[in-house]
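The structure under discussion appears below in the form of structure tokens.
We did not get these values from a lab; they are worked out from the coordinates using the rules stated. Here the structure is a predicted model, which means the values were calculated and not measured. Ideal geometry is used to build each Cβ from the backbone, glycine not excepted, and the neighbour counts take in all protein chains shown.
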Amino acid sequence: MTPAPRDPARLLPLSPAMFHVLAALAESPRHGYAIIKDVLERTQGRVALSTGTLYGLVKRLRAEGLIVESAHRPTASDGDDERRRYYRLTDFGRAVAVAEAQRLEQMVVVARASSLLKGRQRA
Amino acid sequence: MNRIPFRQRLFRVLLRLFPSEFRGDFGPEMTQAFEDERRDAAAAGRTGRAGFWWRTVRGMAMTGPREHASVMLRDAGYGLRLMRAHPGVTLTALLTIALGVGANTAMFSVVNGVLFKVPFHDPDRLVTVRVGAPGSMSAAITVSQFETWRDRVRAFDGITGFTLLSPVLTGHGEATRLAGECVSAEAFAILDGTPVIGRPFTASEDRAGQPLLAVIGHDLWTTRLGGDASIVGRTIALDQEPVTVVGIAGPTFGGPHAYGRTNLWMPLAPCLDRLRAQGRRAQSVNVYGRLAGGVTLPVAAAEMESALERDATAAPDGQAVQVELAPLLDELIGDVREPLLALLGAAGFVLLIASANVASLLLGRAHARRKELAVRAALGCSRARIVRQLLTESLVFGITGGALGLLVANWILGTILAMRPASVPGLHRVGMDWRVLAVCLFASLGTGLLFGLLPAITGAHVSPAAALGEFGRGAAGSARQRARSALVIAEIALSLALLVGAGLLTRTFLHLRPDNPGFKPDGKLIVTVTLPRAPSSKSDSSTAFFDQFFERLRSQPVFAGVSASSTLPLTGNVRMPATVAVAGHPLGRRPNVDMPVVTANYFDEIGMAILRGRGFSRDDSSGSQPVTVINETMARRFWPAASPLGAYITAEERPGLSVTRTVVGIVNDVRGTGNRLGAFSQAYVPWAQGGSTYMTVVLRTDEPAERVAPIIQSQMAALNPNLPVESIEPLNAVLSRSVSLWRFAAWVMSLFAGLAVVLASVGLFAVVGWSVTERTREIGVRMALGASRSQILSLIARRALVWTALGLALGLGLAVATTRFLASWMVDVSPLDRTTFAAAAGLMAVVALTAAYVPARRATKVDPLVTLRAE
């Protein structure tokens, strides 16, 4: 809705749930339930978004211009329903996700430097 | 038939937690995602299904309200921007709401403090006891009657006797007379008064012959006794005798008379011992009880009556005694409950008027915004959505106005409390607390809803075609006009009802205000002194003490005159002998004759007039013939035809001491206190022949009380350093206090009525103004066709006249229906007083028509050329 160039840093930090949704859309457009499943798999079941929570996030991410509805729909091979909408990252959304990932990375660097993650360095 | 599965119905219900906009946008795909997830969860077994449902319900329940909040915040933000864009309308509306909410919040905090903050649990079960025969019930219960009930009646959880003892505290700063209450050991349990430190006294300590103990009040403990907990177990000097402190009461405990400011509590039986040792009868007490659960008043009363019948000592004359129980709260706050609620109702009227005014204002704004709303509707915004947005905007108004209302409330409350209406109990509990804030918030939100609803609904009814096509006055226009007329009529009606109420209370106040109280209060200070009654005390010692005190004061050049009376007018204090016989005829059990003891110069000094016979002189000494001077009321009551001069009055002036006095003069009546306007029968006794341990000294001086207080105190200290001077204040202050309740009531009601009238006239002014604006084109055409200015004026004014007439008619009806709630505060004025009704209606009519005339005149200034050219 508001595609004007903005500074991604202004939206940081993202909530973990928001970041997971952006990460789920980083590779390809997905519909709502696919996002839920992707997040669940990526986090090995630690983050289970509910339908209500997800669509609250979708609404906000859309209003911020981080995601948009994707015109591209995959073929109806997996029982695609016309009620489903597919979402994809906008360029701005990708920039915000990258900025958040970098922010998290820096935090990890700090944690390592201060020996907080000593035992798990090689993991 | 295709039944929708339960899970889908449940999900639809959960979807209803979201705003309709959200549902419209995401509903179908959420349902799809829910179905997908459920299918996968079903494959994961029972645990998977349970986890799925838990996640779904929790997620929907958390996200839905959050979405609502975000919509509301957005609408509120829009509302705030609109408020900034129209500062004139905004300021008027906010001020109006602030006045309405402020009046209500202030009045509610009074009602809350006095009526609702009851310091007892289950107050309905607390009762007072009266005995006697029908028509002459009395709260004076003999000690043996009380003891019979205490020992035999099972209808109570606890029952306590009660009497007053006001000892002087010495040894902790200046000598001070304390307000003490003597109660049974049960009193603390039945009145929720377990001491916060130490203990209450026990039943074994509440027996005759036991030493006096004290539970001290929290205030006294913190202010005079240093707040030191180690005082418990130690002694304090009361009337110069050591009394052991056993406990310290909690800050909210106030004994049975919870609304007063009692300093200490002592066990009843030792108290009665002490009173008797001081030469008092101390034969009767008041009785309070807490009914056992499930026991009704008549059942308890019947049990008490039969207990008395079985016990001959409790009813010595063998007559059956009737017992009457009444809720304690009725005794404490019964007199003020209805009028206070009526004043709260009056504040409610002001709020309604304020709401009507703001509704009218917003109707105008909704009209001005019809284009914007039509565009929204055309873009697919539902009517519910528009109503919601307009309502949210109103709520923003309501809350902002309400916040300002707190400031108004604070001011009104400050003024009310400064008036200290003497007979409204519990005012010290009045203040802002969570209840008051909740009511303020509720009033603000309620007002927002009330005034927002009408404009919201009419606003949402906008037809896009009509509004965008700019057809100014269609069906919606006349509906709006009707709505506004109704609002104006309601405002006039409510204002008139308030005006009538204010008029009635003001008339009562003016009527009671003692322009001529029967004495001259200016330039006089009063000082009250109570002497302790020592066991050996004869009246001689107190007479000697006071004589010295008077002499010392007379020697001070600052006092032009010194006189004294045992009972001062308007204070409610009386000195009633147990028996009085007039010209040989006894007057029955309670003769209702006040026999004040006064110094010989009292009548002259206070400015009373001897109407017949003579006043007292120095010749009326203890050795001369006993004499009395009676007042007009007494003369009329007992000697309606003959002259009372030379007649005899015999009274038991002290226990066991009857004196027969000759009437030597008649003085004018002095006004009674409060609403007891009519004077008592009074028979004055000369100081030298009477004596009293309680005297109020009247000092004639132009100096203020603060300046002469040290002089008075030093004179007292020179005589007895352990005696407190209880109060030094102008006589005028006593006078003013005696009508403080009516001043308070009249002021509050007039304030509300004034607010109402101003608001209603502003409302009328605005509505007539709008109707002129809306009809400018029509007026222009009429004038172009030859209508004269007076015809135009009457065209506009006719409507205002009809509204005013309808408003007045409704208002008079409303006043007739509601003024009776103020009746208990009205003295010698009927709740339907015609003069007041007529004057209020006249005033309202004048104000309303003036408010309508100004904009109507503007209509006559319309230039037909300009309007028609604008077309």
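Starting with the highest mean, order B:622-628, A:45-51, B:661-667 by the number of other Cβ atoms within 10 Å, averaged over the residues of each peptide.
Output ranking for B:622-628, A:45-51, B:661-667: B:661-667, A:45-51, B:622-628.
Taking amide H positions as placed in the peptide plane 1.01 Å from N, state which residues far from B:ASP157 in sequence (5 or more) or on other chains have amide H under 5 Å from it.
HN-HN under 5 Å from B:ASP157: B:ARG290, B:LEU291, B:ALA292.
Compare the Cα positions of B:THR202, B:ILE190, B:LEU308 along the charge dipole of the stretch B:177-320 (+1 at Cβ of Lys, Arg; -1 at Cβ of Asp, Glu; about the Cα centre) and return the one farthest towards the positive end.
Result: B:THR202, furthest along the dipole toward the positive end.
How crowded by other chains is B:57-63, given as the mean number of beta carbons from other chains within 10 Å of each beta carbon? Spell out each step's value before the answer.
Working: counts 2, 3, 9, 6, 2, 4, 9.
Partner-chain Cβ atoms within 10 Å, mean over residues of B:57-63: 5.
Need one number: nm distance between label points at A:MET107 and B:HIS172, each 7 Å from Cα along Cα→Cβ, rounded to one decimal.
6.0 nm
Would you work out which of B:PHE752, B:ALA859, B:LEU810 lies farthest towards the positive end of the dipole of the stretch B:747-860, given +1 charges on the beta-carbon of Lys and Arg and -1 on that of Asp and Glu, about the Cα centre?
So the residue we want is B:ALA859.
Return the long-range amide H neighbours of B:ARG420 (sequence gap of 5 or more, or a different chain), with a cut-off of under 5 Å between placed amide H atoms.
The list, which skips near neighbours in sequence, is empty: none.
For B:ASP702 and B:GLU372, calculate 0.36 nm times their separation in residues minus their Cα-Cα distance, and state this gained length in nm to one decimal.
Between B:ASP702 and B:GLU372, full extension yields an extra 111.6 nm.
Can you give me the angle between helix B:383-419 and the longest principal axis of chain B, using Cα atoms only, in degrees from 0 to 90, rounded to the nearest 10?
Around 20 degrees separate the two axes.
With the Cα gyration tensor of the stretch B:29-165 giving a ≥ b ≥ c as the square roots of its eigenvalues, does the rule (a/c under 1.5 for rounded; else a/b larger than b/c for prolate; else oblate) give rounded, prolate or oblate?
oblate
So how many Å³ per residue does the convex hull of the Cα atoms of the protein assembly as shown work out to?
Considering the Cα atoms of the protein assembly as shown, their hull volume per residue is 308 Å³.
For A:LEU89, what charge total do you get from the other residues with a beta carbon under 14 Å from its beta carbon, if Lys and Arg give +1 and Asp and Glu give -1?
Counting the neighbours of A:LEU89, the net charge comes to -2.
About its Cα centre, what dipole magnitude does the stretch B:640-724 give when the only charges are +1 on Lys and Arg Cβ and -1 on Asp and Glu Cβ, stated in debye to the nearest 20?
The calculation lands at about 120 debye.
In degrees between 0 and 90, to the nearest 10, how far off the longest principal axis of chain B does helix B:834-860 point, with axes built from Cα atoms?
Its long axis makes an angle of about 30 degrees.
For the stretch B:98-201, what class follows from the C-alpha gyration tensor (a ≥ b ≥ c being the square roots of its eigenvalues): rounded when a/c is under 1.5, otherwise prolate if a/b is larger than b/c, else oblate?
Oblate is the answer for the stretch B:98-201, as a/c is 1.5 or above yet b/c matches or exceeds a/b.
How crowded by other chains is B:31-43, given as the mean number of beta carbons from other chains within 10 Å of each beta carbon?
That works out to 5 on average.
I need the shape label for the stretch B:323-471. Rule: rounded when a/c is under 1.5, else prolate if a/b > b/c, else oblate, with a, b, c from the alpha carbon gyration tensor.
Note, shape of the stretch B:323-471 comes out prolate.
Just subtract the alpha-carbon distance of B:MET62 and B:ARG9 from 0.36 nm times their residue separation and send over the number in nm, one decimal. All intermediate terms of the calculation are to be shown ahead of the outcome.
Numbers: separation 53, 0.36 × 53 = 19.08 nm, distance 1.90 nm.
Additional length available on full extension: 17.2 nm.
By the scheme Lys and Arg +1, Asp and Glu -1, what is the net charge of all other residues having a beta-carbon under 15 Å from that of B:THR92?
+1
Less than 12 Å Cβ to Cβ from B:VAL708, Lys/Arg counted +1 and Asp/Glu -1: what total charge do the surrounding residues give?
Net local charge, B:VAL708 excluded: -1.
Charges only on Cβ, +1 for Lys and Arg, -1 for Asp and Glu: so what's the dipole of the stretch B:265-313 about the Cα centre, in debye to the nearest 20?
Dipole about the Cα centre, nearest 20: 360 debye.
Taking the mean number of other Cβ atoms within 10 Å as a proxy for protection, how do you rank A:103-112, B:554-563, B:110-119 from highest to lowest?
Result, highest mean first: B:110-119, B:554-563, A:103-112.
Given H placed 1.01 Å from N in the peptide plane, which residues other than close sequence neighbours of B:GLU181 have an amide H under 5 Å from its amide H?
Those lying under 5 Å, H to H, from B:GLU181 are B:LEU165, B:LEU264, B:TRP265, B:MET266.
Hey, what number do you get for chain B at 222 nm if only DSSP H runs of n ≥ 4 count, each worth -39500 (n - 2.57), divided across all residues, to the nearest 500?
-18000 deg cm²/dmol
Taking +1 at the Cβ of each Lys and Arg and -1 at the Cβ of each Asp and Glu, which of B:TRP434, B:ASN722, B:PHE22 sits farthest along the dipole of the protein assembly as shown towards its positive end, judged by Cα position relative to the Cα centre?
Comparing the listed Cα positions along the dipole, B:PHE22 ranks first.
With charges set only on the Cβ (+1 for Lys and Arg, -1 for Asp and Glu), what does the dipole of chain B come to about its Cα centre, in debye to the nearest 20?
3980 debye
How much of the calculated P(r) for the stretch B:682-739 lies past 18 Å, in percent of all Cα pairs?
Across the stretch B:682-739, Cα pairs with separations above 18 Å total 50 percent.
Round to the nearest 10 and give me the degree value, 0 to 90, for the angle of helix B:268-277's Cα axis relative to the longest principal axis of chain B.
For B:268-277 against chain B, the angle is about 40 degrees.
Would you order B:TYR602, B:TYR694 from fewest to most other beta-carbon atoms within 10 Å of each residue's own beta-carbon?
Ascending number of Cβ neighbours within 10 Å: B:TYR694, B:TYR602.
For each cysteine in the protein assembly as shown, check whether another cysteine's C-beta sits under 4.7 Å from its C-beta; list those where none does.
Unpaired cysteines in the protein assembly as shown: B:CYS381, B:CYS440.
Compute the normalised compactness of chain B: alpha-carbon radius of gyration over 2.2 N^0.38 Å, N being the residue count.
So chain B has a normalised radius of gyration of 1.26.
Testing the spin-label approximation: label points 7 Å from Cα along Cα→Cβ at B:ALA302 and B:VAL802. State their distance in nm.
So the label points at B:ALA302 and B:VAL802 sit 6.4 nm apart.
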